[in-house]
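S.K.: Have a look at the structure that comes next, please.
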Amino acid sequence: MPADLTGSFLALDDGRPAVVLGRVYARPAERVWSLLTDPGELARWFPSRAEFELRPGGTARFVGDPHQPDSTGLVLAADPPRRLAFEWGGDEIRLDLEEQDDGRTRLTLTDVLADPEAAARNAAGWEVCLTALDALARDETPAGPYAGTGAPWREAYDGYIEAGFPSGAPVPGAD
């Protein structure tokens, strides 16, 4: 299994399956929040062009993903610069920020899965996306969220399967 996989597969307190990944950025929470919510920043790391009405009950719009149809979801929580939660593709995505004492910010991404068999697929996808976000947080130019179904996505996917994450959900662009 590749050493750089950061995801965990678990059951939430309510029993729903989830994939959880975390990162720590040498940036204040306000800057990380901007990376998570500004459409121009999102376009550089998130798989779809996304726009959020940053209020509970607001609309989340997703367009331009080559592997998914354009869609809308519901913003479930918006508490700048600490929490954004929204529906996307049947899943609930939670982005939680916690500012550390040293000025860094911890991001916890929780993908509450509609289909547990999507765990390995989604964890691998988030690894690729968060790698692009990591570059942005370092003021580097990321390659973007897409690397096809080859490396590094395939390596992460295979690693998560090897780690025992449920798999078997269709892989857009590969199935």
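S.K.: Let me confirm something: among GLU99, GLU127, GLU51, which residue is charged (D, E, K, R), touching a Pro at 6+ places or on another chain (Cβ under 9 Å) and within 22 Å of ALA156 (Cβ to Cβ)? Reasoning before the result, please.
M.R.: Numbers: GLU99 fails: within 22 Å of ALA156 (Cβ to Cβ); GLU51 fails: within 22 Å of ALA156 (Cβ to Cβ).
Just a single option satisfies the conditions, and that option is GLU127.
S.K.: Got a number for residues in region 113-129 being within 11 Å of the chain's Cα centre (by Cα) and not charged (D, E, K, R)?
M.R.: The first filter runs over region 113-129 and keeps only residues within 11 Å of the chain's Cα centre (by Cα), leaving 122-129.
The next check asks that each one be not charged (D, E, K, R); those that pass are 122-126, 128-129.
Residues in region 113-129 being within 11 Å of the chain's Cα centre (by Cα) and not charged (D, E, K, R): 7 in total.
S.K.: Now, a different point. Yes or no: region 45-57 includes at least one residue that is within 14 Å of ALA137 (Cα to Cα) and modelled with pLDDT under 95. Break it down into steps so the answer makes sense when it comes.
M.R.: Of the residues in region 45-57, the ones within 14 Å of ALA137 (Cα to Cα) are 45-46.
Going one step further and asking which of them are modelled with pLDDT under 95, we end up with 45-46.
Yes, region 45-57 contains a residue that is within 14 Å of ALA137 (Cα to Cα) and modelled with pLDDT under 95.
S.K.: For region 39-63, which residues satisfy the criterion of being within 14 Å of LEU95 (Cα to Cα) and in a helix (DSSP H, G or I)?
M.R.: Correct list: LEU42 only.
S.K.: Let me ask another. When residues of region 10-42 are filtered for being under 13 Å from the mean Cα position of the chain (by Cα) and over 21 Å from ASP79 (Cα atoms), how many remain?
M.R.: Taking region 10-42 as the starting set, the residues that turn out to be under 13 Å from the mean Cα position of the chain (by Cα) are 18-23, 35-37, 42.
This time we only want the ones that are over 21 Å from ASP79 (Cα atoms), so: 18-19.
Of the residues in that region, 2 qualify.
S.K.: Continuing with the same structure: Considering only region 4-14, state which residues are open to solvent by 60 Å² or more (accessible area, probe 1.4 Å), touching a helix residue (DSSP H, G or I) at 6+ places or on another chain (Cβ under 9 Å) and part of a loop (DSSP other than H, G, I, E, B).
M.R.: If the condition is that a residue be open to solvent by 60 Å² or more (accessible area, probe 1.4 Å), touching a helix residue (DSSP H, G or I) at 6+ places or on another chain (Cβ under 9 Å) and part of a loop (DSSP other than H, G, I, E, B), then ASP4 is the only one that fits.
S.K.: Also, quick follow-up: Against the condition in contact (Cβ under 8 Å) with a residue 40 or more places away in the chain and in a helix (DSSP H, G or I), how does LEU36 come out, does it pass?
M.R.: Details: in contact (Cβ under 8 Å) with a residue 40 or more places away in the chain: yes; in a helix (DSSP H, G or I): yes.
Considered against the rule, which asks whether it is in contact (Cβ under 8 Å) with a residue 40 or more places away in the chain and in a helix (DSSP H, G or I), LEU36 comes out as yes.
S.K.: Please tell me if PRO17 is closer than 13 Å to THR110 by Cβ, open to solvent by less than 50 Å² (accessible area, probe 1.4 Å) and in contact with a helix residue (DSSP H, G or I) (Cβ under 8 Å, 6 or more places away or on another chain). Please lay out each step first, then the result.
M.R.: Numbers: closer than 13 Å to THR110 by Cβ: yes; open to solvent by less than 50 Å² (accessible area, probe 1.4 Å): yes; in contact with a helix residue (DSSP H, G or I) (Cβ under 8 Å, 6 or more places away or on another chain): yes.
Yes, satisfied.
The values are calculated or read from the model by the stated rules, or taken from the named source; none is laboratory data. These figures come from a predicted structure and were not determined experimentally. Counting neighbours? That spans all protein chains shown, and the Cβs are built from the backbone with ideal geometry, glycine included. Side chains are part of the model used for accessible areas, which takes the heavy atoms of the whole protein and leaves out ligands, DNA and RNA. Shrake-Rupley method; radii C 1.70, N 1.55, O 1.52, S 1.80 Å.
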